[in-house]
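Reviewing the structure listed below.
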Amino acid sequence: MTKDSNPPVKNQYEMRDPQTQYPRPPFPKQPQNAPGLAEKMDPTPDHGEDSYVGFGRLKGRKALITGADSGIGRAVAIAFAREGADVALNYLKVEDSDAEEVIKLIEAAGQKAVVIPGDLRDEAFCKELVQKAVDGLGGLDILVSNAGKQTAVDDIADITTEQFDDTMKTNIYAMFWITQAALPHLKPGSTIINTTSIQATQPSRNLLDYAMTKAAIANFTGGLAKQVAEKGIRVNAVAPGPYWTALQPSGGQPQDKIPTFGEQTPLGRPGQPAEIAPLYVLLASQESSYMTGNVYASTGGTLY
Ligand code: NAD
Ligand code: MG
């Protein structure tokens with residue numbers, strides 16, 4: 001098999017060479033405004049639509065996932081539903097068309113989708129989101145704080161206060177507000193999963209505001225895990241490396257970096273959202289009962 005043959009993945013358990021399992025660079029330039037849409041990406045990302053096989057590992061669980069319309073959040077929503085969980089989804093209203101796809105797949109898996117679009121930069125909305133999720137699901141036992149804003153800027157002089165503030169609000173404040181509101185609802189056995197990044201430990205020169213939020217998320221995960229261990233609640237984070245999602249061509253990278261996105265990793269390609277969903281499933285399920293306060297990475301070979 002050559003390095004550019006990528007027959008579609010039909011089952012995530014089929015043995016494959018990971019280098020050629022999914023598309024490799026080069027990719028076409030494809031500018032979009034933030035937040036980007038998965039439906040406009042070329043090649044189309046794999047969120048597990050045709051490949052994720054569930055085994056009832058989250059049967060009867062109730063999950064709230066932010067940024068669930070596209071990318072990593074969509075892959076997690078599909079995987080959770082196929083593992084038997086009902087899912088409440090948050091995303092921005094302008095992403096309705098992406099969210100529609102996810103809702104159909106959750107329902108096709110025989111699970112309930114509770115749809116709660118809205119802007120996480122607003123504290124009042126974050127509290128309302130948790131309440132609507134609890135009401136719609138009839139409780140809550142998995143919280144995935146995954147929404148994120150990433151805007152590449154070459155020079156610190158050009159990072160506006162507005163951008164800085166939006167990045168902090170979306171990536172850190174929202175996680176804090178939602179976690180605070182969710183905790184009183186979480187019973188022993190519940191789990192919290194935050195999405196950090198390899199940027200937490202290996203910051204890029206053009207992602208100053210973004211990378212610092214990802215370090216904060218990893219740090220918060222460690223401290224909160226200590227605080228809530230006595231309640232029987234576990235808290236972990238997932239650290240992706242370069243993943244093929246709408247975040248990147250919509251300003252997360254300079255457009256001239258899109259053609260070679262992921263090429264610098266040892267596996268030579270970006271990850272597809274379907275490849276990271278299993279980590280979230282593991283951390284949400286009781287299988288990971290002794291895992292808390294840590295960060296689990298999926299980077300294509302670069303040390304977190
Ligand atoms: P994505 O664009 O598909 O998902 C991010 C989502 O965040 C958007 O779909 C949007 O719904 C949500 N969002 C952004 N601003 C919001 C706001 N103000 N209110 C409500 N929702 C908002 O991209 P993704 O790559 O799947 O991102 C998911 C997470 O993964 C993010 O936290 C990102 O930082 C992290 N991450 C991604 C990569 C990567 O290479 N793609 C690498 C490391 C970490
Ligand atoms: Mg989106």
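With respect to (1) closer than 21 Å to SER197 by Cβ; (2) in contact with a Leu (Cβ under 9 Å, 6 or more places away or on another chain); (3) not acidic (Asp, Glu), the lone exception for ALA88 is condition (1).
Restricting attention to region 23-80, the residues that are within 13 Å of ligand 1 (Cβ to nearest atom), touching a strand residue (DSSP E or B) at 6+ places or on another chain (Cβ under 9 Å) and part of a loop (DSSP other than H, G, I, E, B) total 4. Scanning region 40-54 finds one or more residues that are over 18 Å from the mean Cα position of the chain (by Cα), acidic (Asp, Glu) and under 18 Å from GLY252 (Cβ atoms). Of the candidates SER204, SER250, the single residue that is within 16 Å of ligand 2 (Cβ to nearest atom) and either modelled with pLDDT of 95 or more or in a helix (DSSP H, G or I) (or both) is SER250. For SER70, the conditions (1) more than 17 Å from the chain's Cα centre (by Cα); (2) within 24 Å of PRO249 (Cβ to Cβ); (3) open to solvent by 10 Å² or more (accessible area, probe 1.4 Å) are fulfilled apart from (1).
Here LEU105 clears all of (1) assigned to a helix (DSSP H, G or I); (2) over 16 Å from the mean Cα position of the chain (by Cα); (3) within 12 Å of ligand 1 (Cβ to nearest atom) except the condition numbered (3). Just give me the residues in region 177-213 being within 18 Å of the chain's Cα centre (by Cα) and more than 14 Å from ligand 1 (Cβ to nearest atom), in sequence order. THR179, THR191, ILE192, listed by residue number. Among the residues of region 81-102, those identified as of a type in the set (Gly, Ala, Ser) and either buried (at least 21 other Cβ atoms within 10 Å of the Cβ) or in a loop (DSSP other than H, G, I, E, B) (or both) are ALA81, GLY84, ALA85, ALA88, ALA99. When each of ASP166, ASP122, ASP135, ASP154 is tested for being under 21 Å from GLN248 (Cβ atoms) and open to solvent by 60 Å² or more (accessible area, probe 1.4 Å), the lone residue that passes is ASP154.
The residues of region 160-200 that are assigned to a helix (DSSP H, G or I) and hydroxyl-bearing (Ser, Thr, Tyr), listed by number, are THR161, THR167, THR170, TYR173, THR179. When the residues of region 43-54 are filtered to those that are farther than 19 Å from VAL144 by Cβ and more than 16 Å from ligand 2 (Cβ to nearest atom), the one that is most open to solvent (accessible area, probe 1.4 Å) is ASP50.
The values are calculated or read from the model by the stated rules, or taken from the named source; none is laboratory data. Note that the structure is predicted; figures quoted are calculated from it, not measured. When we count neighbours, we look across all protein chains shown, and the Cβ atoms used for this are built from the backbone with ideal geometry, even at glycine. Remember, those area values only see protein heavy atoms, side chains included, never the ligands or the DNA or RNA. Shrake-Rupley method; radii C 1.70, N 1.55, O 1.52, S 1.80 Å.
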